[in-house]
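Have a look at the structure below before the remarks.
The values are calculated or read from the model by the stated rules, or taken from the named source; none is laboratory data. Just so we're clear, the structure is a prediction, and the values are computed from it rather than from any experiment. Glycine also receives a Cβ, built like all others from the backbone with ideal geometry; neighbour counts cover every protein chain displayed.
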Amino acid sequence: MEITLRVDGQERRLVVDTRTSLLDALRERLGITSPKKGCDHGQCGACTVLLGGRRALSCLALAVAYEDAEIVTAAGLAEGGDLHPMQRSFIDHDALQCGYCTPGQIVSAVGMLAEAEAGWPSAVSADPDADEVVLDDAEIAERMSGNLCRCGAYVNIRPAIAEVARR
Amino acid sequence: MKPFRYQRARDVRGAVDMLAQAPHGAFLAGGTNLVDLMRLGVATPDLLVDVRRLACDRIEELPDGTLRIGATVSNSELAADRRVRRRYPVLSQALLSGASGQLRNLATTGGNLLQRTRCVYFQDLTTPCNKREPGSGCPAREGYHRELAILGWSQACVATHPSDMAVALAALDAVVRTRGPDGERAVPLTELHRLPGDEPERDTVLRHGELITAVDLPPLPPAARSGYRKVRDRASYAFALVSVAAVVEPADGAVRDVRIALGGVAHKPWRASTAEQALRGAPATAERFRAAAEAELSAARPLAGNAFKIPLVCNTLVATLVGLADEPP
């Protein structure tokens, strides 16, 4: 099928087999390698991208089904070559070791902050009907539980996200 | 993955018509379970009819107070909806306790109901499984079944339904609205999923090509409180070992009415009607809650590796009901 994807602000036309995941379309066909293939089963979060501003797993999305979506990858977060505040904060806090899960962590954290901004509760929210979400350590850990880090860099990932959340 | 054709439906009728022509086709919404099962070779549709962009994406209030949830409303939007958070906290809590933020954004209301069991044998093509390949056998009864059923299972299948949302909907007396080749119908949530019997390949009573269009939540009495409690192996992002959804209407230290559904114990969300009957009109005490839980679980037939679920369900049910009874009005 011939499809058009809007990725990181650019329209890209390509021909794909219907079986192609959005992740494979981005990486193998368009050369956008910031979303990583970890488990390819929706369990690790390394392939996280924003679809219409909401974080989602590109390994479980079929490319043919997302022609309508504005897709943003970790590479697309850096506008005009300037690092996104979340990217800057991950560097400042040394919030990574091998770095493989990092683009997924960063995109997920950006999507998560937008959800908190919109007042979405989480499973650990003391008052699930509260108007404002306070992102303490427990909230950040719960809301980021879909992103695994096999190096165990969580102790620095949490403060990296908390610092951006405070701004 | 087996090759398949992909079609995007414009409206509900078109979607139903497309699938009626394709006996081996399937509807695609969020795809969070289906695409994975296709990659594993467990699901092999030759046509996907994409229903994600149908106009079933709203949550609306009907004149009689029913809250109608469109089938393509995402799990995250549903959990965050103010009306759901205030009137049906059990549903919001159940949704938020399931999956991860990324998955909840993709997953839909209709799709969540139709997700398949996570029994390891069902997902492994190299092993027999009566649900995946009828008549091939069930290794789970003698094999790995820690997460599997203690109630309502059959010799053919001991799988559990993995949804948290469906457990809350069972306690809320939700009604599933569908449209199929034979027209529209309304199915009570508690009758949507089946017990395995000798046809474990059929998870639900839906017929081929029948599309879930909405889920209706009837209004609760003003005094009712509701909550969801989930027990799992890690603090987040794991399926339930057991879970409890409860709606309690208290009156002067007693239980005027109560509705209870259990997750992680059966092939479907398990409505605990024995416990409910024991509690209607009874004093709202931990002792009575425990007696009711034990009465419900007296029907349990645990397997060698999951008998722990019986006390776990009892304790979780007591804790849930005590918490709701103690909640300030």
Exercise. Touching a strand residue (DSSP E or B) at 6+ places or on another chain (Cβ under 6 Å), on the phi < 0 side of the Ramachandran plot and small (Gly, Ala, Ser) - does that describe any residue in the range B:276-299?
Worked result: yes
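Among the candidates B:ARG39, B:ARG10, B:ARG53, which residue alone is within 28 Å of A:LEU23 (Cα to Cα), within 14 Å of chain A (Cβ to nearest Cβ) and either of a type in the set (Asp, Glu) or not in a loop (DSSP other than H, G, I, E, B) (or both)?
Working: B:ARG10 fails: either of a type in the set (Asp, Glu) or not in a loop (DSSP other than H, G, I, E, B) (or both); B:ARG53 fails: either of a type in the set (Asp, Glu) or not in a loop (DSSP other than H, G, I, E, B) (or both).
Answer to the selection: B:ARG39.
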For this session: Being facing chain A (nearest Cβ under 9 Å), in contact (Cβ under 8 Å) with a residue 24 or more places away in the chain and surrounded by fewer than 24 Cβ atoms within 10 Å (Cβ to Cβ) is the filter here, so list the residues in the range B:76-92 that pass it.
Result: B:SER76, B:PRO89
Seminar exercise, completed: The residue from B:LEU262, B:LEU303, B:LEU321 that alone is among the hydrophobic types (A, V, I, L, M, F, W, C), out of contact with any Ser or Thr (no Cβ under 8 Å at 6 or more places or on another chain) and buried (at least 23 other Cβ atoms within 10 Å of the Cβ) is B:LEU321
For this session: Considering only the range A:78-167, give the helices (runs of 4 or more DSSP H) lying wholly within it that have at least 1 residues that are acidic (Asp, Glu) and within 14 Å of chain B (Cβ to nearest Cβ).
Result: A:102-117, A:137-143
Problem set entry | Any pair with Cβ under 6 angstrom, 6 or more apart, that starts in the range A:44-71 at a residue that is on the phi > 0 side of the Ramachandran plot and more than 8 Å from chain B (Cβ to nearest Cβ) and ends at one that is of a type in the set (Gly, Ala, Ser) and surrounded by fewer than 23 Cβ atoms within 10 Å (Cβ to Cβ) | A:GLY52/A:ALA69
Seminar exercise, completed: Scanning the range B:229-276 residue by residue, the ones that are more than 19 Å from B:GLU294 (Cα to Cα) and among the hydroxyl-bearing types (Ser, Thr, Tyr) total 2
Exercise. In the range A:100-124, what residues are in contact with a strand residue (DSSP E or B) (Cβ under 7 Å, 6 or more places away or on another chain) and of a type in the set (Ser, Thr, Tyr)?
Worked result: A:SER108
For this session: Would you mind finding the one in B:ARG116, B:ARG82, B:ARG39 that is among the basic types (Lys, Arg), in contact with a strand residue (DSSP E or B) (Cβ under 9 Å, 6 or more places away or on another chain) and modelled with pLDDT of 95 or more?
Result: B:ARG39
Exercise. From the set of residues in the range B:134-180 that are farther than 28 Å from B:VAL258 by Cβ and hydroxyl-bearing (Ser, Thr, Tyr), which is surrounded by the most Cβ atoms within 10 Å (Cβ to Cβ)?
Worked result: B:THR178
For this session: For the range B:72-98, enumerate the residues that are closer than 20 Å to A:GLU139 by Cβ, assigned to a helix (DSSP H, G or I) and not hydrophobic (A, V, I, L, M, F, W, C).
Result: B:ASN75, B:SER76, B:GLU77, B:ARG82, B:ARG85, B:PRO89, B:SER92, B:GLN93
